[in-house]
Amino acid sequence: MTLMQQEIFQQPEVFKKCIDYNKKTLENLVQTLKSNNISNVYIAARGTSDHAGIYGKYLIESMVGIPVGLAAASTITLYGGKINFKNMLVIGISQSGAAADVLEVMRQAKASGAVTLTITNTLGSPLAEVSDFHLYCDAGLEKSVAATKTFGSQLYLIANFVAMWAENDNLLADLKKIPDNIGKVLEKNSEISELAKRYRFMEECFVLSRGYNYPLAMEAALKIQETNYVRAKAYPISDFHHGPFAMVDEGTAVFMYVSGGNIKEDSKAMIEKLKNVRADICMISDDDELLSYGTVSFKIPDTFGSDAIAAFYFAVFAQLFACDLTAIKGRNPDSPRGLNKVTITK
């Protein structure tokens, strides 16, 4: 078993641990935000952590009703910009806690009076030390280059944080079920491995979703890219209707992450277009109708109409699929060519 696969399978326990560890911090953070006049949220992150941040953007805007911006860190690190972060919550996300560009954003945010929050998997890291509040992923050392359990714990912390801030008791109750339900996806790894054989010779593909799960499509594409060296590109379904669709023809591999929630009906027009050009559709969903449209398909646990909850099952499927495909293609997912575990950008 590769390190990547081992770390994917650790996630149910990691999720339980990270919430237990951060319970008091989450309560204090939410109390602080409710007592301050927070008008905007700003999120700084890179790579996989950025995908977790985009998921957070969708949750905060739809559930809390506050606009969320995604940082262009180079405006500070390369161009010397001075941003006024007053009355804002500024969030920095980095698994290592050593992202130099994210750190500069957080330092400027703190100096200008923002409430600052960081999410890392490293206690005592520069990002952990610079912020007012720090959420610790508590995922243990992640040895494989591809981030799996750290990404999952970032998602889980963000979802619980927003649910508490929005006082969304239904989401909080559903989130408590996630660790056990993820186990149901893990139990079907042999099925995922068999499905991956279909894509032994895949050199390019598209990954589509929308809304809460668009960042999960981005993460799924990244996992395929970095572990299998496949040219994978993610798009929101709404954008793919335009210019990008011209790249699809018969046999083009298209992975669709679509639950039976809010994006279901919107996805049907795209599915019809893809079927008309005879694309090879891999449908990942909890909805039997949607699953029937796939050339091949994989059923995740029931989300009961919650796109926010589907994100966790989509993440685990995407991680397992990429990992299983490496075994078929003869790749080493733990040490992809040209990549290091920690990348410092500024």
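The values are calculated or read from the model by the stated rules, or taken from the named source; none is laboratory data. Here the structure is a predicted model, which means the values were calculated and not measured. With ideal geometry, Cβ positions are generated from the backbone for all residues, glycine too; neighbour counts draw on all protein chains shown. Heavy atoms of the whole protein, side chains included, go into the accessibility calculation; ligands, DNA and RNA do not. Shrake-Rupley method; radii C 1.70, N 1.55, O 1.52, S 1.80 Å.
List of remarks:
- Listed candidates (1) 30, 52, 18, 0; (2) 26, 44, 19, 9, 2, 0; (3) 32, 59, 9 - label of the one calculated as P(r) over Cα pairs in 20 Å bins from 0, in percent: (3)
- For residue 264 and residue 184, the difference between the fully extended length at 0.36 nm per residue and the C-alpha to C-alpha distance is 26.5 nm.
- Accessible surface ranking that places the most exposed of 79, 136 first, with a 1.4 angstrom probe: 79, 136
- Separation between Cα centres of the range 315-336 and the range 215-233, rounded to whole Å: 10 Å
- Full-extension gain in nm, residue 277 to residue 112, via 0.36 nm per residue minus C-alpha separation: 54.1 nm
- Mean ellipticity per residue at 222 nm, deg cm²/dmol - from DSSP H runs of n ≥ 4 across the chain, formula -39500 (n - 2.57): -15000 deg cm²/dmol
- Sites residue 231 and residue 23 - FRET efficiency at Förster radius 51 Å, r taken between beta-carbons, to 0.05: 0.75
- Cα centroid separation, the range 1-51 to the range 125-199 (Å): 8 Å
- Only beta bridges with both residues in the chain are counted; by DSSP, about 0 percent of them are antiparallel.
- Once the chain from residue 66 to residue 16 is taken as fully extended at 0.36 nm per residue, the excess over their C-alpha distance is 15.2 nm.
- In the full protein context, the range 273-322 carries 31 Å² of accessible surface per residue, based on a 1.4 Å probe and ignoring ligands, DNA and RNA.
- DSSP assigns beta bridges within the range 249-336; of those with both partners inside it, close to 0 percent run antiparallel.
- If R0 is taken as 22 Å, the Cβ-Cβ distance between residue 169 and residue 35 corresponds to a FRET efficiency of 0.55.
- Shown here for the range 242-339: GluC sites (Glu not before Pro) in loop regions (DSSP other than H, G, I, E, B) with at most 15 other Cβ atoms within 10 Å, namely 250.
- Relative contact order %, the chain, counting alpha carbon pairs below 8 Å whose residues are six or more apart: 20 percent
- Among the DSSP helices (H) of the chain, those spanning at least 15 angstrom by Cα along their long axis with an average Kyte-Doolittle hydropathy of 1.0 or more are 307-329; this is a geometric and hydropathy rule only.
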